[in-house]
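Trainee: There's a structure below that I have some questions on.
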Amino acid sequence: MRLFNNIFIYNILSETKIINDLIKKEGYSFDIVCVHDWLSSISGLVVKNETKIPVVFHVHSTEWGRSGGQGSSVVSHFEWATGQHADRIITVSHAMRDDLTRHGWPRSKISVVWNGVDPERYNPQNCEPEDTDKTRETYGTPKDGNMLLFLGRLTWVKGVRNLITNTIFLSR
């Protein structure tokens, strides 16, 4: 609790500094404010209300999704309220967009922007053959079998089932 409290207070203090020091005193101009979770959501909305700078809420997950519907009603309320008042909502998958919509978030504000990866960093051609062989051995994958790298929580909104289904389909 103390950690969340400290982060929440830090965000409030940061928003106050942005408004009072950077914008009002020093004349900085910002085109957009982006918040990423419930801890920064209130700060983003305060900046919006005080400055009229548009707010984008970038949603990777929700309290109901992370907790299986058993999470904090306060956190869920912060998320929902920010979704209602943000000028735009960006999420990382169509499944997440649909889930937000089912929970009463305005679909007209939601855009899907997939997380990006550096294809050079994750290029299988850059792997040492010995490392690949060791990984195959560790997981019991045949030499001619496909290996798939997924980085993320194993939850339906991440689309892992679609990834696996499409990988199997494409490999045929």
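The values are calculated or read from the model by the stated rules, or taken from the named source; none is laboratory data. Just so it is clear, the structure is predicted and the values come from calculations on it, not from any experiment. Here the Cβ positions follow ideal geometry from the backbone for every residue, glycine too, while neighbour counts run over all protein chains shown.
Trainee: Check Leu3, Leu45, Leu13 and return the single one that is of a type in the set (A, V, I, L, M) and crowded, with 17+ Cβ neighbours inside 10 Å.
Mentor: Leu45
Trainee: For segment 109-149, which positions are in contact with a strand residue (DSSP E or B) (Cβ under 9 Å, 6 or more places away or on another chain) and among the hydroxyl-bearing types (Ser, Thr, Tyr)?
Mentor: Ser111
Trainee: So which helices (runs of 4 or more DSSP H) stay within segment 59-172 end to end and still have 1 or more residues that are among the basic types (Lys, Arg) and modelled with pLDDT of 90 or more?
Mentor: Answer list for segment 59-172: 94-102, 129-139.
Trainee: Right, something else. So is Ser72 closer than 30 Å to Asn49 by Cβ and within 14 Å of the chain's Cα centre (by Cα) or not?
Mentor: no
Trainee: Looking at Thr62, Thr101, Thr82, which is the one that is assigned by TED's automatic domain parsing to the domain that holds Thr16 and in contact with a strand residue (DSSP E or B) (Cβ under 6 Å, 6 or more places away or on another chain)?
Mentor: Criteria check complete, one pass: Thr82.
Trainee: Condition check: touching a strand residue (DSSP E or B) at 6+ places or on another chain (Cβ under 8 Å) and surrounded by fewer than 18 Cβ atoms within 10 Å (Cβ to Cβ). Does His77 satisfy that?
Mentor: no
Trainee: Let me ask another. Ile110 fails exactly one of the following numbered conditions: (1) β-branched (Val, Ile, Thr); (2) in contact (Cβ under 8 Å) with a residue 12 or more places away in the chain; (3) over 24 Å from Gly69 (Cβ atoms). What is the number of that condition?
Mentor: Result: Ile110 fails condition (3) only.
Trainee: Restrict the check to segment 25-40 and report whether at least one residue is over 23 Å from Thr91 (Cα atoms) and assigned to a helix (DSSP H, G or I).
Mentor: yes
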